Number of protein chains: 2
Amino acid sequence: MATKQHLLAHAEDLARRQGYDGFSFADLAAGAGIRKASVHHHFPTKAALSTELVELYAKRSMATLRNADGKASGARLAAVLALYRTALDGGRSQCLCVAFGAVIDRLPDVTRAAVAAYQADMLSWLEQVFSDAAQDGGISNPAAPAQEAAATFALLEGSQLMARAAADPSQFDLATAPLRARIQTGGTS
Amino acid sequence: MATKQHLLAHAEDLARRQGYDGFSFADLAAGAGIRKASVHHHFPTKAALSTELVELYAKRSMATLRNADGKASGARLAAVLALYRTALDGGRSQCLCVAFGAVIDRLPDVTRAAVAAYQADMLSWLEQVFSDAAQDGGISNPAAPAQEAAATFALLEGSQLMARAAADPSQFDLATAPLRARIQTGGTS
DNA sequence: GTCTATAGTTAGATAGAC
DNA sequence: GTCTATCTAACTATAGAC
């Protein structure tokens with residue numbers, strides 16, 4: 001079981017940095033100190049491995065966000081900003097669904113479905129945040145929640161992409177500054 | 001020369017949809033009706049081909065934007081929104097630098113530099129738009145131009161990513177709606 | 001400018017021994 | 001659960017004939 005966890009961790013790291021076509025069973029085998037054939041014992045196909053990767057990533061991400069449930073809308077928006085800032089890892093990495101989303105056409109059907117599900121969950125969670133913001137005033141200038149959720153999700157993914165291409169993680173902070181500025185620290189506006 | 005143009009066009013299409021590791025000399029050869037070795041006559045290496053691809057893409061994109069130079073800030077912002085909406089091609093494709101940016105670690109050095117240059121040009125152009133907006137009032141609620149430029153670029157790239165992962169191009173419009181709503185059609189506010 | 005032929009490497013996946 | 005061995009296919013790239 002420890003081997004499987006090690007394989008998953010290494011696979012996630014490689015997949016996030018190099019993309020779906022950028023990691024192989026050989027890479028994972030080398031990382032775990034076993035042979036390629038042994039990796040297939042834990043994950044029959046790359047499709048199965050990738051799907052499990054996305055599902056675990058989604059579960060972990062949503063669990064992190066749900067820790068903030070109950071807090072005011074501004075605090076929850078700050079939480080999702082922190083989640084993506086952390087995932088950037090100083091420019092070393094990015095969200096798994098940025099890496100996989102960019103090559104969505106290349107993914108096995110099951111993996112593509114897992115990416116879409118992750119995205120739908122995120123959007124739904126964000127929509128609730130902006131819906132609550134209209135009540136508690138925790139975020140200034142609120143537009144329609146569905147628009148705000150989509151715009152926020154796109155901004156977070158795009159900011160990671162931009163920061164990494166520029167090899168400058170501070171670009172993430174620059175791009176998200178206007179959104180962060182909308183968080184009302186004083187509670188009800 | 002016609003063959004080279006055909007190879008470039010096919011390569012761009014594949015690269016944007018499938019990513020750097022998702023297209024091959026074999027694909028290009030098949031598309032042009034020639035052999036793999038013949039493709040190497042036009043482009044010695046994949047690094048050279050990819051770099052030329054990015055440079056041509058950047059040149060074409062910037063030329064499109066410069067057509068709007070001289071117009072008011074709001075019209076120029078609308079132009080860049082249209083550029084990315086068009087590049088999405090109904091969900092069929094995406095900006096070349098979204099595809100390549102997501103696997104920036106995998107790119108040859110020269111190609112990575114070309115992607116970074118494209119991004120720097122775009123950010124510089126956007127910064128001027130928001131800088132002018134502070135004067136002509138063509139965009140409401142203007143924050144610092146460098147922040148606005150970064151946020152806009154990230155939003156455009158992220159919106160493409162999101163729309164394609166959701167297999168729903170209207171998600172691009174949803175995500176960009178709040179930004180579009182800031183364009184003041186009446187000229188000076 | 002295109003071809004055949006091929007080198008050298010890597011990929012995902014399987015069979016069957018231990 | 002890990003191994004050796006192997007398969008088939010794909011990859012980038014080159015040499016040299018036409």
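The values are calculated or read from the model by the stated rules, or taken from the named source; none is laboratory data. Computed from a predicted model, the values in this text were never measured in an experiment. We place every Cβ from the backbone using ideal geometry, glycine too, and count neighbours over all the protein chains shown. What goes into the accessible areas is simple: the full protein's heavy atoms, side chains included, and nothing from ligands, DNA or RNA. Shrake-Rupley method; radii C 1.70, N 1.55, O 1.52, S 1.80 Å.
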Checklist outcome for this item: Under the rule rounded for a/c under 1.5, else prolate if a/b exceeds b/c, else oblate, using alpha carbon gyration tensor axes a ≥ b ≥ c, the protein assembly as shown is classed as oblate
Next on the checklist: Once you keep just the Cα pairs under 8 angstrom separated by 6 or more residues, what percentage relative contact order results for region B:45-181?
Outcome noted: 29
Item to check | Percent of C-alpha pairs per 10 Å bin, chain A, short to long | outcome: 9, 34, 32, 17, 7, 1, 0
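In this model, which of A:Lys4/B:Lys46; B:Lys4/B:Lys36; B:Lys4/B:Lys59; A:Lys4/A:Lys59; A:Lys4/A:Lys36; B:Lys36/B:Lys59 are farther than 24 Å apart at the alpha-carbon? Intermediate results must be reported in sequence, preceding the final value.
Values: A:Lys4/B:Lys46 35 Å; B:Lys4/B:Lys36 13 Å; B:Lys4/B:Lys59 18 Å; A:Lys4/A:Lys59 18 Å; A:Lys4/A:Lys36 13 Å; B:Lys36/B:Lys59 27 Å.
Table pairs above 24 Å Cα-Cα are A:Lys4/B:Lys46; B:Lys36/B:Lys59.
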Checklist entry - Quick one: label points 7 angstrom along Cα→Cβ at A:Arg182, distances to the other copies in nm, smallest first? => result 0.9
Checklist entry - Picking from B:Ser38, B:Ser50, B:Ser61, which is most flexible by a Gaussian network model of chain B using Cα springs under 10 Å? => result B:Ser38
Item to check | Per-copy distances of the A:Asp69 label point, shortest first, in nm (7 angstrom along Cα→Cβ) | outcome: 5.3
Next on the checklist: Using a loss threshold of 50 Å², tell me which positions in region B:151-182 are less accessible in the complex than in their chain alone. Probe radius 1.4 Å, ligands and nucleic acids ignored.
Outcome noted: B:Ala154, B:Leu161, B:Met162, B:Arg164, B:Ala165, B:Leu174, B:Pro178
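Quick one: buried accessible area between B and A, total over both chains, 1.4 angstrom probe, nearest 100 Å²? Each step should come with its number before you reach the end.
Numbers: alone 9170 and 9190 Å², together 15200 Å².
Counting both chains, the buried surface is close to 3200 Å².
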Item to check | At 7 Å out from Cα toward Cβ: B:Ala82 inter-copy label distances (nm, ascending) | outcome: 4.3
